[in-house]
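Please read the structure below before turning to the comments.
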Amino acid sequence: MNRREGDTALASLYRRDMTTTDRLRAAAAARAALREGRVRALRAEHGFSQRELAEAVGVHESALSRWESGERVPRTEAAARLALVLRALESAEVV
């Protein structure tokens, strides 16, 4: 999968229907990843800028920056979308 295909796959992931329980679990996992600094590490490992990851999640770049710095915590919906994108990053080979 090339970089452009990876971007499209990531952007479309968060449109999936999720149950409330799945959404809450995903949000908790994303918040834990933010606290532990894994979001920034994964983003850098796969060569994504904050802007690119923010677009894939559907938030403004400044929101992602605040989440990564620990200044803010994402709301449940945004955290659930972030978790889906992170899961895709962890399982995909994006070049």
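Residue-wise, which Karplus ³J(HN,Hα) couplings in Hz belong to region 30-46, taking 6.51 cos²θ - 1.76 cosθ + 1.60, θ = phi - 60°, and x for glycine or proline?
Residue by residue, region 30-46 yields 5, 5, 5, 5, 5, 4, 8, x, 6, 5, 4, 5, 5, 4, 5, 4, 9 Hz.
What ranking of His60, His46 emerges when the number of other C-beta atoms within 10 Å of each C-beta is taken as an exposure proxy, fewest first?
His60, His46
If you average the sequence gap of Cα pairs under 8 Å that are 6 or more apart and divide by the length of region 14-71, what percent do you get for the contact order?
Once divided by the residue count of region 14-71, the mean separation gives 31 percent.
Values in this text are rule-based calculations from the coordinates and carry no lab data. Computed from a prediction, not measured in an experiment: that's the story for all the values here. FYI the Cβ positions are ideal-geometry reconstructions off the backbone, even for glycines, and counts take in every protein chain you see.
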